[in-house]
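Single-structure report; data block below.
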Amino acid sequence: MVRKRTVNMMAKAMNTTKKAATYIYPFVLIGLCGIVTFTYAAKLPENILNNGDFDLHLQGWHHWTHESANALFQTEGKKAEPIVGKNVAYIKINKVGNALGHIQLYQQPFTLLEGTTYTYSLWAKSEKPRNVTMRIMHQGVPWNVYSGRSIGLSETWKEFFITFKMPVDDVSSRAGIIMGLEKVDVWIDHVRLYEGEYVSDIEGAEPHAVEPSDKLATVWAALRSF
């Protein structure tokens, strides 16, 4: 009799456990799905630019100096304390040129779409305080500038970003940094251009928002470099 009663009690316990599992399982499943959904939503936007961390040195990047200027474009490793990856872009400026645009590092061409919001961000520092200009523009006549703004660098790495909306479709867009006029070396790392508002991808970063020009599309003649 005692044995039978024990068996019945064990059976009831098993049934209770099964019922509990039946109720708990959907919540566990929902919880797991929620985690998956959250991870997907937190996925970083795709970088339109190639080799933004300079791990492939300057592959995918172009540089230009006016005949009145002289600069050496190269990459530097551990000594420069890269933000991401193993290298940064290092621009050693030997002669400043006659205009801000006489020393340039840039990437082109790529397509930007009318009405789409984009964010252009980068990390930069300099040998001592100086200004450079971040710029998104059309590569070619009439050299329309869609977003361009001066940023103040110092000896410490800082992140800067510009968020802007494209006024036209452009299949020959260009993203660059112009840095003439001041004989102060510049380091650049982790350059991104992507759709949407600014998204932080480095824990603890304190980005500096840069307000774009009042006039969204300006003519490059206003910032003449040639």
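Rounded to 0.05, the FRET efficiency of the Ser150 and Asn94 pair, given R0 = 22 Å and the Cβ-Cβ distance, is 0.50.
Select from segment 116-215 those GluC sites (Glu not before Pro) which occupy a DSSP coil region and have at most 13 other Cβ atoms within 10 Å, ordered by residue number. Those that pass, being in a loop and sparsely packed, are Glu155, Glu197, Glu203.
How would Val84, Val145 line up from fewest to most surrounding beta-carbon atoms within 10 angstrom?
With the fewest neighbours first, Val84, Val145 line up as Val84, Val145.
Each of His208, His63 was scored by other Cβ atoms within 10 Å of its Cβ. Arranged with the fewest first, they read His208, His63.
Relative to the compact-globule estimate of 2.2 N^0.38 Å, the Cα radius of gyration of segment 62-223 comes out at 0.99. Between Gln59 and Lys78, the modelled label-to-label distance comes to 2.3 nm, taking each label 7 Å out from Cα in the direction of the beta carbon. When a/c reaches 1.5 or more, the comparison of a/b and b/c decides; with that in mind, is segment 73-158 rounded, prolate or oblate per its Cα gyration tensor? It is prolate, given that a/c is not under 1.5 and a/b is the larger ratio.
Read the figures in this text as sums done on the coordinates, not as results from a lab. These numbers come from a predicted model, not from an experiment. Quick reminder, even Gly has a Cβ in these numbers, built from the backbone with ideal geometry, and neighbours come from all protein chains shown.
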